[in-house]
Amino acid sequence: MDYSKYIKNVPDFPVEGIQFKDITPLIGNGKAFKACIDEFSDFAREKKATKIVGPDARGFIVGAPVAYALELPFIPIRKPGKLPRDTFDYDYDLEYGSNSLSMHKDAIEQGDRVIITDDLLATGGTLEATIKLVEEAGGQVVGLTFIIELLELKGRERVGKYPIKVLLKY
Ligand code: AMP
C-alpha cells in the first residue's frame, strides 16, 4: 500500500514554517485506513501487547481500532482536566507550543505490555510524555507505531530504545 498519496502537505499550518501533514485523506479512505490499522495490529500482536495506549486526539483515531481488532483495552492519554479520576501528569514541549498530558493512575498495571500509537512522530515530546506516564504506572513499553515520522526533528533519538513501526518517513 502506497500511503503517501493519502497524505496532504499543508505549508505554514498552524503557524508559519510548519509543514503540516494532514492524515484525513488516509483515514477518509476505507481501504488505506484498514491497511494501516492491519499493519499496526500485526505489529502489536507480534509484540504480545496487553494494552494499546493513544494520546489525545489523533492517537485515539489509530489506537482504538487496533485495540478493537486485538480485543485489547484502549487507554486514552488526555489533555489536563479531562479525566475524571486520579491521574499521573506530565508536561512537555511540542514542535509548536507546549502541552501537558494525563493518564488515569489505574489504567496500566505492573507487567502490562504496552503499545503506544499516534498519527505522527515529530519532536517526540508527546511520545516521551506518554512513555513516562506508562512507565510511572509500571507498564513496559514493547513498541511504538506511527503513520508518519518527520526525520528532521529526530524524535526517535529521544526514545531510541523502543521498537518502532512507521509507515511513512519525510
Ligand atoms: P511531537 O510531540 O512533536 O512528536 O508531535 C506530536 C503531535 O503533534 C503529533 O502526534 C501530531 O499529531 C502533531 N504534529 C506535530 N507536528 C506535526 C506536523 N508537522 N504535521 C501534523 N501533525 C503534527
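The values are calculated or read from the model by the stated rules, or taken from the named source; none is laboratory data. Everything numeric here is computed off the predicted structure, so don't read it as measured data. Reconstructed Cβ throughout: ideal geometry from the backbone, glycine too, with neighbour counts over all protein chains shown.
Looking for something part of a helix (DSSP H, G or I), among the charged types (D, E, K, R) and more than 15 Å from the chain's Cα centre (by Cα) - is there at least one such residue anywhere in segment 87-96?
No, segment 87-96 contains no residue that is part of a helix (DSSP H, G or I), among the charged types (D, E, K, R) and more than 15 Å from the chain's Cα centre (by Cα).
Evaluate the following for Ala64: is it within 16 Å of the chain's Cα centre (by Cα), more than 20 Å from Gln110 (Cβ to Cβ) and surrounded by fewer than 19 Cβ atoms within 10 Å (Cβ to Cβ)?
yes
Give the residues of segment 102-126 that are modelled with pLDDT of 95 or more, closer than 14 Å to Tyr162 by Cβ and within 13 Å of the ligand (Cβ to nearest atom), sorted by residue number.
Listed by number, the residues that qualify are Ile116, Thr117, Asp118, Leu121.
For segment 130-158, enumerate the residues that are in contact with a Pro (Cβ under 8 Å, 6 or more places away or on another chain), surrounded by 22 or more Cβ atoms within 10 Å (Cβ to Cβ) and either closer than 14 Å to Asp56 by Cα or of a type in the set (Val, Ile, Thr) (or both).
Thr130
Among the residues of segment 132-156, write down those that are under 16 Å from Gln110 (Cβ atoms), among the aliphatic types (A, V, I, L, M) and not in a loop (DSSP other than H, G, I, E, B).
Residues satisfying the conditions are Leu133, Val134, Val141, Val142.
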